[in-house]
1. Is the C-alpha gyration tensor of the stretch 163-306 telling us rounded, prolate or oblate? Criteria: a/c under 1.5 is rounded; beyond that, a/b larger than b/c is prolate, otherwise oblate.
2. Size of the dipole of the stretch 408-451 about the Cα centre, Lys and Arg at +1 and Asp and Glu at -1 on the beta carbon, nothing else charged, in debye to 20?
3. Using +1 at the C-beta of Lys and Arg and -1 at the C-beta of Asp and Glu, which of Gly439, Ala66, Ala181 has the Cα lying farthest in the positive direction of the dipole of the chain?
4. Can you give the relative contact order of the chain as a percent, counting alpha carbon pairs under 8 Å and 6+ residues apart?
5. For the stretch 260-331, what does the convex hull of the Cα positions come to per residue, in cubic angstrom?
6. Tell me, what is the per residue accessible area of the chain in Å², probe radius 1.4 Å?
7. Please give the Cα centre distance for the stretch 168-206 versus the stretch 6-46, rounded to the nearest Å.
8. Could you calculate the contour length gain from Glu302 to Gln345, that is, 0.36 nm times the residue separation minus the distance between their Cα atoms, to one decimal place in nm?
Amino acid sequence: MPLTRVDHLDPAYLHHWVATQAGIARTPGVQYAVLVRGEVVLDGAWGVTDLTSGTPLRGDHLFRVASHSKTFTATAVARLVERGEMRLDDALAAHVPELGGSRAGEVTVREALGHTGGLRRDGEDADFWQLAAPFPDRAHLLDSVLTSGDVLDRGEAFKYSNLAYGLLGLAIEAVTGTPYAEHVRTDLLEPLGLADTHPELDDDIDRRAVVGHSAPVLAEPGLPVRFADGRLPVAAATTGALAAATGFCSTARDLVRWAAAHCDGSDLLSPATRRLLQRAESVVELPGAPRREYGLGFESREIAGRRAVGHSGGFPGQITRTWFDPERGIAVAVLTNAVDGPADQIAGGLFSLVSKALGDAADDGGPARAGQAAAAHGSPAPHALDRWTGCFANLWGMVDVARLGEQLWLIDPRKADPFVGAEELSVDGSVLRPAVHDGFGPVGEAIEVLRDDAGEAVGVVVGGMTSWRAADYERERRAQAEPLTR
C-alpha cells in the first residue's frame, strides 16, 4: 500500500497513476516502489499474482527480475577487482580454463560485462526462453560457447550476451572457490539486508513467487477464451548456468534499496568503481527508440531531463524495470507478471512524476527528512494546493489535477508519458488557469472546480465539458449502461 505522504510527494496519486496504467494495459499484476535518499516512500501493488487463482498481489510477492541479475554480477566482479582478486583486463580463459585456446576465452572480463566481446546472445538453440527445454547447465553453456559462441570480433559492436554473463558467473566461482549463488548472497545480499532477493528460484521461495502470464491469446472462431483475459499461465523454471545473467528473484522494495547502494554516498563500492560501472561504454541508437547507453552491467538513458541508470528484466511471463538517479538518490522499480507487461513505460512515467515533484528538493535530502517526520508524528498538514486536486472522468476519458511539489498540473493518466499534453496550472481566484500556448485544445480557458457542501473537489469543467470524481462517474456510468446490456 502507499506509504505516508511527504511534503513534496503524494504516494496516493502515484498509486492512482500506476493503477490506471496497469488497468489500461490489462496487466495481471504490477508491483512498484519509490525510494528517495535511502527511504522507501512508496511500496505498492495492484492486481493479482495469478489470474487463475485471483490471489491479490502484495509488496512481498517475488518476481523473476531476470537481467537485473547482471547488476548483481557486475557488482560482485567489481568488488573482487577492488580486492585485487580479479582484473577487468583478465581474459575469461584465465578463470575458466575450458575456454583456453578459443576466441571466447580471449574475451576480457570488461568486454563481457559491457557486452562488447562479440559472443552470441543465447546460443544457437535458445528455445529454453520459451520453456521448450531446460536452461543450460555448465557443460551445455561451455559447449555452446566453444562450438558456436563467437559471432563478432571483440570490440566490433555492442552485442548483448547472456552467455557472456553466464561465463562471468563461472569466473566468480573460480576466483572465490564458492558457488555463484552463495558468494553473491554472503557478499552482497546479506550485508545490505536484501532478504527478499535471491539468486535463483527454489522450492522454499516458490510459494511467494507470482505466476507469469503470456500475452492475450485469441480464441478460435466459435470457441470461448478459456483463461482470464485470454492470457495463459507460464510455468516456473530455474536458470542453470545462466543464473548470473537472468536468475534473480526480488521485490520492487528490495530493488530500489539495491539501487540506493549504487547512489552517491553508498560504501558498497568506491566512488571511482561505481562511476566506472555506470559510465557509457557503448551508445545504442536504434530507429524509433530513445538513445541508450550501456556501461558495465548497468544501462542509462535520459528521462525527464535527468540521467537515469538501471536495468530491465525479461523472463518468460514477466517484465521488470528499475531506474535510479545516482546523484539525487531517487529510485523507482516496477515489476509485472505478463510477457507484455508495461514495466518500462510505467517505470519511466513514475520516474518522471517523482523527479518533477521533488525538483531540486531531493538534492538536500528534504523529502526523506519530511517522510521521517511524518512517520514519527503522523501525516503533515495538507498543502494549500491540495484542495484543488482530484482524479476525474467523463465519457471521453480521464483527467487529473495533481500537485507535484509546489506546482499544480492537469494530467491525462492514460498516457505513458504523463507530461505529454500536460498543463501547468495556476490558481486564479476561484478557478484554475493553464498557461497560454499554441494548441488545438481549450488553450488558456479557465478550469472550474466543482465542490460539494464540505468544499471537496467533486468535478472539473475543462473546455466547457464536465468531468466528475472518477469513482462517482464510474458508478453512474455502470448504472446508465445496465439497461442497455439486458
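1. oblate
2. Here the size comes out at about 180 debye.
3. Gly439
4. For the chain, the relative contact order is 18 percent.
5. Values: hull volume 7.9 nm³, N = 72.
Dividing the Cα hull volume of the stretch 260-331 by its residues yields 110 Å³.
6. Values: 21280 Å² over 486 residues.
Computed with neighbouring chains in place, this is 44 Å² per residue.
7. About 29 Å separates the Cα centre of the stretch 168-206 from the one of the stretch 6-46.
8. Using 0.36 nm per residue and subtracting the Cα-Cα distance, I get 14.1 nm.
The values are calculated or read from the model by the stated rules, or taken from the named source; none is laboratory data. Fair warning: this is a prediction, and the values are worked out from it, not measured in the lab. Using ideal geometry, Cβ is built from the backbone for each residue, glycine included, and neighbour counts are taken over all protein chains shown. To get the accessible areas, we keep the full protein, side chains included, count just its heavy atoms, and leave off ligands, DNA and RNA. Shrake-Rupley method; radii C 1.70, N 1.55, O 1.52, S 1.80 Å.
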